Amino acid sequence: MKTLARLLFIGAILLSGNWSVGDASARRGRPQTPTAGPKPPVYVSDFQIDVLPPSGSIPQQPENDPQKLANHIVELMSTKLFIALQKAGYPAARMRRGDARPDSGVQIRGLFAEVDNENHWRRAIIRTATDSGKIQALVAVANLAKPDQALYEIAHLPGNEDKPGSVITLSPYVPLTKYELSKDANDDVFRGIAARVVNDLTELLQRNPAAISE
C-alpha cells in the first residue's frame, strides 16, 4: 500500500509539473500587444485638382473664379489632415509644392479624381465657382525613405493629353484609398476623411512598426 501511495504521489507531481510547463509555453506563445514607440514625422502634401481655364479674352471675375473653389477644397483636405495628425500625436508638417523632399518620415499625398460615363478615371476638374457633383479623394501614404512613385500616368487613349480633366491610369504599385465626397462638401466631410486616414496610418504602424524605417 505504501509503495502504491508513493507511486500515486510521484505521478501527481509529474502531472502537475507537465501542466505548469504547458501553461507557461501557452503564455509565451500568446501574441503580445506591440509597445507604442515614438510616432514618425508625417508630411501632408496638397492634393491635385484641376481647374477649367477661362475661355476667350474676358477676365474671370473673382466671385466667379473656379480657382477659388479648387483652392478651398485643397486647403480643407490639407488642413484637416494636419489637425487630425496632431490630435493623434504625430509630428505633422505641411509639404508644399517646391519644398525639398525629406529623407525620412511619412508623406500623405493624393489627388481628386472622378469617373466619367465610360468608366474612365479622370483628374477631377472644377468648372465654376459653385461647381458640385461627386468626386473621389485618392489618398496614398508613402515612406519617404524610399524613392518617389507616380500616383498615375496619362492614359494612352486617342485624343487624350495632359490637360485639365484628362483621363488617367492609376498606378498598380501605389496603394490608394478612395473616399467619396462632393465638390461642395463641408468641413465635417473633410474632417471625417482625415480621421479615417490617420486611423489607417496608426493601424499600419502598429501592425508593422518597422515599415517606415525599411
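The values are calculated or read from the model by the stated rules, or taken from the named source; none is laboratory data. Values in this document were obtained by computation on a predicted structure and should not be read as measured data. FYI the Cβ positions are ideal-geometry reconstructions off the backbone, even for glycines, and counts take in every protein chain you see. With ligands, DNA and RNA removed, areas are computed over all heavy atoms of the protein, side chains included. Shrake-Rupley method; radii C 1.70, N 1.55, O 1.52, S 1.80 Å.
Among ASP131, ASP162, which is touching a Lys or Arg at 6+ places or on another chain (Cβ under 6 Å) and under 30 Å from SER55 (Cβ atoms)? Break it down stepwise before answering.
Numbers: ASP162 fails: touching a Lys or Arg at 6+ places or on another chain (Cβ under 6 Å).
That would be ASP131, the only listed residue that is touching a Lys or Arg at 6+ places or on another chain (Cβ under 6 Å) and under 30 Å from SER55 (Cβ atoms).
Restrict the check to the range 93-110 and report whether at least one residue is under 13 Å from ILE49 (Cα atoms) and open to solvent by less than 40 Å² (accessible area, probe 1.4 Å). Steps first, answer last, please.
Going through the range 93-110, the residues under 13 Å from ILE49 (Cα atoms) turn out to be 109-110.
Now drop any that are not open to solvent by less than 40 Å² (accessible area, probe 1.4 Å), which leaves 109-110.
Yes: the range 93-110 contains one or more residues that are under 13 Å from ILE49 (Cα atoms) and open to solvent by less than 40 Å² (accessible area, probe 1.4 Å).
Could you check the range 132-157 and list, in sequence order, the residues that are in contact with a helix residue (DSSP H, G or I) (Cβ under 8 Å, 6 or more places away or on another chain) and open to solvent by 20 Å² or more (accessible area, probe 1.4 Å)? Explain how you work it out, then say what you get.
First, the residues of the range 132-157 that are in contact with a helix residue (DSSP H, G or I) (Cβ under 8 Å, 6 or more places away or on another chain): 137, 139, 141.
Hit for the range 132-157 is VAL141, nothing else.
So ASP187 ticks every box in (1) over 17 Å from the mean Cα position of the chain (by Cα); (2) in contact (Cβ under 8 Å) with a residue 24 or more places away in the chain; (3) open to solvent by 90 Å² or more (accessible area, probe 1.4 Å) but one. Which box is left unticked?
Failing condition for ASP187: (3).
For the range 52-90, what are the residues that are open to solvent by 70 Å² or more (accessible area, probe 1.4 Å) and closer than 25 Å to THR177 by Cα? Spell out the reasoning first.
In the first step, residues of the range 52-90 are kept if they are open to solvent by 70 Å² or more (accessible area, probe 1.4 Å); the result is 52-64, 67-68, 71-72, 75, 83, 86-87.
Matches in the range 52-90: ASN71, HIS72, GLU75, ILE83, GLN86, LYS87.
Which one of ALA145, ALA129 is touching a residue at least 12 places away in the same chain (Cβ under 8 Å) and under 18 Å from GLN67 (Cα atoms)?
Working: ALA145 fails: under 18 Å from GLN67 (Cα atoms).
When all the criteria are applied, what remains is ALA129.
Within the range 160-176, which residues are surrounded by fewer than 15 Cβ atoms within 10 Å (Cβ to Cβ) and within 16 Å of the chain's Cα centre (by Cα)?
Within the range 160-176, SER171, PRO172, TYR173, PRO175 qualify.
Looking at the range 42-63, is at least one residue modelled with pLDDT of 50 or more and in a helix (DSSP H, G or I)?
Applying the first criterion (modelled with pLDDT of 50 or more) to the range 42-63 yields 42-63.
This time we only want the ones that are in a helix (DSSP H, G or I), so: 62-63.
Checked the range 42-63: at least one residue is modelled with pLDDT of 50 or more and in a helix (DSSP H, G or I).
Please tell me if ALA129 is out of contact with any Ser or Thr (no Cβ under 9 Å at 6 or more places or on another chain), modelled with pLDDT under 95, of a type in the set (A, V, I, L, M) and at negative phi. It would help to see each step written out before you state the result.
Working: out of contact with any Ser or Thr (no Cβ under 9 Å at 6 or more places or on another chain): yes; modelled with pLDDT under 95: yes; of a type in the set (A, V, I, L, M): yes; at negative phi: yes.
When the stated conditions are applied, ALA129 passes them.
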